[in-house]
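A.B. asks: Take a look at this one; I'll ask things after.
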Amino acid sequence: MALVGIVHLGLGAFARAHLLPATAAAMAASGESHWGVLGVSLRHAEVRDALVPHGFEYTLALRDADASGQPRERRETIRCLLGVLVAPEDPRAVLEAIAAPATRIVSLTVTEKGYLPDPADLARPEAPRSTLGFIVHGLALRRARGLAPVTLLSCDNLASNGRTLRGRVLALAAELDAALAEWIARECTFPNSMVDRIVPRNDDLAVVSAEPFFDWAVEDRFAAGRPDWSAYGARFVAHAEPYELLKLRMVNGSHSAIAYLGVMAGWATVDRAIGEPALRRFVEALMREEIEPTLAGRAGILEDADLAAYRARLIERFANPALAHRTRQIAMDGSQKIPQRWLATVRDRLARDESIERLALAVAAWLHFLRGIDEAGQRYPIDDPLAADLAALGSDAHTLCGFAPVFGDLGHEPRFVAPVARQLAALRTRGVQATLEALP
Ligand code: CS2
């Protein structure tokens, strides 16, 4: 009988295609039965309801095409999920799970916006609503009961995700109780980790489809042990930040550029978009000319030749015809994604006085996308926690670039605002295709 050792917050498709299969493989390889996963859905009951009839077993379908373009699929049955809690139905059960003696790891895949603090949670110790609220009140219970500390493991696409999580948890905890914040800071660990696998959202909740590619570089700093995820290809590293930088800028930076240009041009999926020669040339040049120079050497991981191979591999992953990864899905929550995906690269380049024309086109594509209507006149909703603020900005490029929650001081930087305004005007007057074709 497996025991719960991991409480996982945010049981979306990504976790079910990444942390869970890796945990299942680690348990199978080591025979350790104490790493079972209790999943927590923070909002909806649908995943639980879909998995209950199957005893929480589900299928992971790894899909791509072979050399001749024929679709192929490898199926794995994932068995390490022991139950699912739905937080709004029973918040107390979530707190008890975090505070259970056998719990050693609290892991998270809650997306970028899942790290936003909700100060109202300070006054809701029994029934928090936010991820940070559950963690802080759950840890308070652990400490009050004299239990051992746990590892808080972020698996989201944030820069220095562990360090970021630690900062947010400590800030909230300090408002509650300074001694709690001290205990967390001293006893609990927050490893950084780089996670990589493309996992489109799927309507059939009992089957998660994903690409075969899998990568996970995780810092080996665990307060109470960990499964040997290397059984599934994870790498335990001393410092994950260089890996995160590489992945966020190359994979996610390109993804978001493809997403906004694709939505506007009517290219509904990533493989459809990357099949457009002008877009593919653009994405390759974005990486080669503007992103890779900020990574080479600096990351200490990949030299130029490796970066070129990484880029080629990535283009193949984007071209995977079996995933139907929707550009609209990646376009969600731009305000939360863009700073770490593009703007850190922009800042590095401007600091060296290098051109940012292609990054500026990506930013312009996001601003263009915010008008909520594509080039064919099709309307779509803007799914973003800051949607109301963004809508209130109007359409002037300078005002849009002045939106500090996303652009910070870049709004006052003419070397940023001018190319963005120029590319935005091009998108508005000539459209995506012609703007891409006009690039050198
Ligand atoms: C995507 C990511 O939806 C998005 O924003 O860019 O989910 C991406 O597919 C993964 O990070 C790939 O590892």
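A.B. asks: Stokes-Einstein at 25 °C, 0.890 mPa s, Kirkwood radius from Cα pairs: D for the chain in µm² s⁻¹?
C.D. replies: Translational D for this selection: 108 µm²/s.
A.B. asks: How would you order 387-393, 310-316 from highest to lowest mean count of nearby Cβ atoms within 10 Å?
C.D. replies: 310-316, 387-393
A.B. asks: Here is a further query. When the distances between all Cα atoms of segment 104-262 are binned every 10 Å from zero, what whole-number percent does each bin get?
C.D. replies: So the P(r) values, bin by bin, are 10, 35, 33, 19, 3, 0.
A.B. asks: Quickly rank 268-281, 124-137, 343-356 as a protection proxy: mean count of other C-beta atoms within 10 Å, highest first.
C.D. replies: Answer by packing, highest mean first, reads 124-137, 268-281, 343-356.
A.B. asks: Same structure, new question: Return the sequence-ordered ³J(HN,Hα) values of segment 86-92 in whole Hz as given by the Karplus equation 6.51 cos²θ - 1.76 cosθ + 1.60 applied to θ = phi - 60°, using x for Gly and Pro.
C.D. replies: Rounded to whole hertz, the list is 10, 3, x, 6, 8, x, 4.
A.B. asks: So how strong a dipole does the chain carry about its Cα centre when Lys and Arg Cβ are +1 and Asp and Glu Cβ are -1, to the nearest 20 debye?
C.D. replies: 80
A.B. asks: May I pose another question? Tell me, Kirkwood radius of segment 376-415 from alpha-carbon pair distances, in Å?
C.D. replies: The answer is 11.5 Å.
A.B. asks: With θ taken as phi - 60° and the coefficients 6.51, -1.76 and 1.60, list the Karplus ³J(HN,Hα) couplings across segment 161-175 in order, rounded to whole Hz; mark glycine and proline as x.
C.D. replies: With the stated coefficients, segment 161-175 comes to 4, x, 5, 5, 4, 4, x, 5, 5, 5, 4, 5, 4, 5, 6 Hz.
A.B. asks: Further, regarding this structure: Counting pairs of alpha carbon atoms under 8 Å apart in space and at least six apart in sequence, what relative contact order in percent does the chain give?
C.D. replies: 14
A.B. asks: Once label points are set 7 Å from the Cα along Cα→Cβ at both GLU32 and ALA309, what is their separation, rounded to one decimal in nm?
C.D. replies: Output for this residue pair reads 3.1 nm.
A.B. asks: Take the alpha carbon gyration tensor of segment 242-437, find the square roots of its eigenvalues, order them as a ≥ b ≥ c, and report rounded if a/c is under 1.5; if not, report prolate when a/b exceeds b/c, else oblate.
C.D. replies: oblate
A.B. asks: Still on this structure, please answer the following. In whole angstrom, note down how far apart the Cα centers of segment 40-81 and segment 103-142 are.
C.D. replies: 27
A.B. asks: Using a 10 Å cut-off on Cβ atoms, rank the peptides 245-256, 365-376, 56-67, 323-334 from the highest mean neighbour count down.
C.D. replies: Packing proxy ranking, top to bottom: 245-256, 323-334, 365-376, 56-67.
A.B. asks: Please list, in chain and number order, the residues 5+ apart from GLY83 or on another chain whose amide H is under 5 Å from its amide H, with Hs placed from the backbone.
C.D. replies: So GLY83 has HN proximity to GLY39.
A.B. asks: With axes computed from alpha carbons, what is the tilt in degrees of helix 131-144 against the longest principal axis of the chain, rounded to the nearest 10 within 0 to 90?
C.D. replies: Tilt relative to the chain: about 20 degrees.
A.B. asks: From the phi of every residue in segment 270-286, what ³J(HN,Hα) in whole Hz does the Karplus formula 6.51 cos²θ - 1.76 cosθ + 1.60 yield, where θ is phi - 60° and glycine or proline is x?
C.D. replies: Per residue, the Karplus-derived 3J(HN,Hα) values read 5, 5, 4, 5, 6, x, 7, x, 5, 6, 4, 4, 4, 5, 4, 6, 4 Hz.
Where a number appears in this text, it was derived from the coordinates with a stated rule and is not lab data. Since the structure is predicted, the reported quantities are computational estimates derived from the model, not experimental observations. Reconstructed Cβ throughout: ideal geometry from the backbone, glycine too, with neighbour counts over all protein chains shown.
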